[in-house]
1. Could you list, in sequence order, the residues of region B:39-80 that are open to solvent by 10 Å² or more (accessible area, probe 1.4 Å) and over 24 Å from A:ALA233 (Cα atoms)?
2. Can you work out which of the residues in region B:21-67 that are more than 17 Å from the chain's Cα centre (by Cα) and small (Gly, Ala, Ser) is farthest from the other protein chains (Cβ to nearest Cβ)?
3. Which residue is surrounded by the fewest Cβ atoms within 10 Å (Cβ to Cβ), if the candidates are limited to region B:172-215 and must be hydroxyl-bearing (Ser, Thr, Tyr) and part of a loop (DSSP other than H, G, I, E, B)?
4. Which one of these does A:LEU367 not meet: (1) closer than 28 Å to A:LEU441 by Cα; (2) assigned to a loop (DSSP other than H, G, I, E, B); (3) aliphatic (A, V, I, L, M)?
5. What number of residues in region A:93-142 are more than 19 Å from B:ARG204 (Cα to Cα) and either open to solvent by less than 60 Å² (accessible area, probe 1.4 Å) or among the β-branched types (Val, Ile, Thr) (or both)?
6. When the residues of region A:109-137 are narrowed to those that are assigned to a loop (DSSP other than H, G, I, E, B) and away from every other protein chain (no Cβ under 13 Å), which ends up modelled with the lowest pLDDT?
7. Going by the structure shown, is B:THR70 facing chain A (nearest Cβ under 9 Å) and touching a residue at least 12 places away in the same chain (Cβ under 8 Å)?
8. As an exercise: evaluate B:PHE41 against (1) modelled with pLDDT of 95 or more; (2) closer than 21 Å to B:GLN252 by Cβ; (3) assigned to a helix (DSSP H, G or I) and give the number of the one condition it does not meet.
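The values are calculated or read from the model by the stated rules, or taken from the named source; none is laboratory data. Keep in mind the model is a prediction, meaning the values are calculated, not measured. Virtual Cβ from ideal backbone geometry, glycine too; neighbours counted across all protein chains shown. Accessible surface is based on the protein model in full, side chains and every heavy atom, while ligands, DNA and RNA are left aside. Shrake-Rupley method; radii C 1.70, N 1.55, O 1.52, S 1.80 Å.
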Amino acid sequence: MTRRPPVGLWVSGWVVAALAVLPAVYLVVRAAEADASTWGLLLRDRTWGLLWRTLGLAAAVTVLAAAVSLPLAWLTTRSDLPGRRVWTVLLCVPLAVPTFVSGYVLLAAFGTGGVLEEALTRWGLPVPPVYGFPGALLALTVSTYPYFFLALRAGLLSQDPAWLEGARSLGLSPARAFWKVTAPLLRPAFVSGALLVGLYVLSDFGAVALLQYDAFSRAIYVQYEGAYDRAYAALLGLALVAVTVVVLVFEVWLRGRAGYHRSSKGAARAVSPVVLGRWRVPALLLCGAVVLAGVVLPVGVLLYWGARGLAEEGGSLLEPALGSVLASVLGAVTSVVGALPLAFLAVRYPSRLTLVMERASYAGYALPPIVLALSLVFLGVQVVPFFYGTLVMLVLAYVVRFLPQAVGTVRASLLQLNPHLGEAAASLGQAPSSVFRRVTLPLLRPGLLAGAALVFLTAMKELPATLLLAPIGFETLATRVWSATAEGRFAEAALPALVLMAVSTLGVGLLVSQEEDAPRG
Amino acid sequence: MIRQLLLTLLLTLSTTATAAETLTVYSGRNEKLVGPLLKKFTEKTGIEVKVRYGETPQLAATLLEEGDKTPADVFFAQDAGALGALSNAGRLQALPKETLDKVDARFRSPTGLWVGTSGRARVVAYNTKKVKASDLPKSILEFTDAKWKGRLGWAPTNASFQAFVTALRLLKGEEAASKWLKGIQANGVRVYKNNAAIIEALGRGEIDAGFVNHYYLYAAKKSNAALPVDNYFVAAGDPGALVNVAGVAILQGAKKADAARKFAAFLLEPQAQEYFSQETYEYPLVAGVKTAASLPALSKVGSPDLDLSKLDDLRGTVKLLQDTGVL
């Protein structure tokens, strides 16, 4: 069964995997400087408390995000929901909202003296608690569910309709057919979504800091920000890497060894949409509620900030907007290209080694971005000084940080692709590169586009690596928002934040319009 | 669109290799605050300035990672602690004596490795609708009183807060500092991300009083003049009246050391000092420059008698904060 992969694929896979573990290598270098008292700090009870709190939050956000995303993904791909494309784009936008903005949204709405808090109190209704676990859960779910949503959509779009039709023709009701056929086939997409959401929560700093939930990443920031204690911060970072490894091993176990592709060539046609009928209104309400929380509320809060001083924002936003798009597009394309060999090796040439290689791409993902940024500062200066301070370093940072978003979605689509298709083309005399270009790549398009969309959106709002690694003077919309909010000038932050959301919406709109035209055969 | 993108790309690549007289500054001070001032420096001297803006602690960590291969000539930092961390690591070079001497010895490095450029006072900001200034205690230590239960806010991850705790340790001893931290926690203090978030929460009435730096109030009032928040200065000599500095240092191995010295000197000229006092509402540190009208004089604030360079004992402070469960 296991064949030897082509040398080019093998080598490029190792190169990408090696890049991805760079931050972990840096952490080992720094942690080696730790003395006994620093180790003592790591091993005290508080670390375990932090770990449980962080894992609990990650698990809760993952479950909630999955529960929200599955109906949304199904509605926008399989039903006759009105305005499916528009909903799809709007439902992706929250990924581009910086988490500290989501945090502020919650505070401005439900915090003491907040807009909604006042209304609720007036009507004698209970005000939801914003601080601590509930607030962090809500803010992070709203800003991460699109990872699930996009992965599940890509999974649904590349699924062969014949499976479902077969089940229906055997007499299964639509609901039973969904749970018996569609849902199990979505397992790879589910797992990739869960990894992206869960591990992202481990790395998040913005929301947990604002909403006062004490998590691991916050402890790491404290060491850099307060004590300049790089050894202790590195130890905490390695602890986080260890947690990631445990999660990844668990995921492999969960994933199983099932095949997901069909055995014969399916018909190249779209699945006929399910008519919602009387479910149309509840479906629209669900979409509306999620968009309200993830898009309308942030835009509302930003407009409210902006109304207090829009005129104050000096300077053109064109340059930072171009900077954001340039860096994010380069990051997205490079990540997807880098993800291809890893996904191919893991799916087509499964072995312990290729599995390790694919898993390695997650090494830096759960780390707080400041750790990743500093590791690239260290390696950039020491190893590739000629790239240091150029856009190359920034794009590299985006790739190392966001690679799993591309690997997960590409892998999930690849699993549904029958390798015999490519072999058939090869037997007809096509060269391997031509098979890849003319057969495999077009069929992978939903996964590639979903991966690119994820990386693009997340890179648009990225901050610590952008501040430390971008060429000096290179501005993005996110750095503009940051420079205004850091000094409490919320009015000035509103406009760049709104432009950030608008540009991201345009970008995803462009990708989704591509996706709808993709072949589904 | 694509052409414009390529153009931007080329521009960014080309600016990394520009002319001779370009000074590279790492600024932990916000672009909105100091950007215009840096432009004035270029107008005056003809020296171009390339600036990497970021958070002071993160830039300090970056400089430590970059070591002697740093592209930076100058570090313009928001607090003395970060400058102290770099001088301890041997990353800074001495400033000229005439630059150092412009500033009171209290506000510069005793070894001449950095100099303060503006003063930042610790204050208690309070909601004017809920608290009268006359009800506020003379000393920061009295906020452990039970009558402040559920009414206070702080930002313990913030560098200025940690500098204040260091001062508290140095002035009153570990025991007293630990007691104060525990007392404030016992009062159910709310934890905020930074000073701006505290001012915002005060405005909403979420808390009645919070421990912040004095100038955040003025930035917030620019957005919303009706904000019901005011600053309260505790009695002179109290640890709660600590005046910390933003400061400048030249890095070891700076390629443009001459330009860097000019830059440091420029920040202490009357023009720059007036800029700090009028635009950022900080305290000028060079004699003869007027403080903003809305502020009490620096001499009245009465910062406790303390060598600011000792504020670099951050490890001890972070350890205390961790031992008392604050962090």
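1. Answer for region B:39-80, where residues must be open to solvent by 10 Å² or more (accessible area, probe 1.4 Å) and over 24 Å from A:ALA233 (Cα atoms): B:LYS39, B:LYS40, B:THR42, B:GLU43, B:LYS44, B:THR45, B:GLY46, B:GLU48, B:VAL49, B:LYS50, B:VAL51, B:PRO71.
2. If we take residues in region B:21-67 being more than 17 Å from the chain's Cα centre (by Cα) and small (Gly, Ala, Ser), then B:GLY46 is farthest from the other protein chains (Cβ to nearest Cβ).
3. Filtering region B:172-215 for residues that are hydroxyl-bearing (Ser, Thr, Tyr) and part of a loop (DSSP other than H, G, I, E, B), the one surrounded by the fewest Cβ atoms within 10 Å (Cβ to Cβ) comes out as B:TYR215.
4. In the conditions (1) closer than 28 Å to A:LEU441 by Cα; (2) assigned to a loop (DSSP other than H, G, I, E, B); (3) aliphatic (A, V, I, L, M), A:LEU367 misses (1) alone.
5. Selection size over region A:93-142: 14.
6. By that ranking, first place goes to A:PRO128.
7. yes
8. (2)
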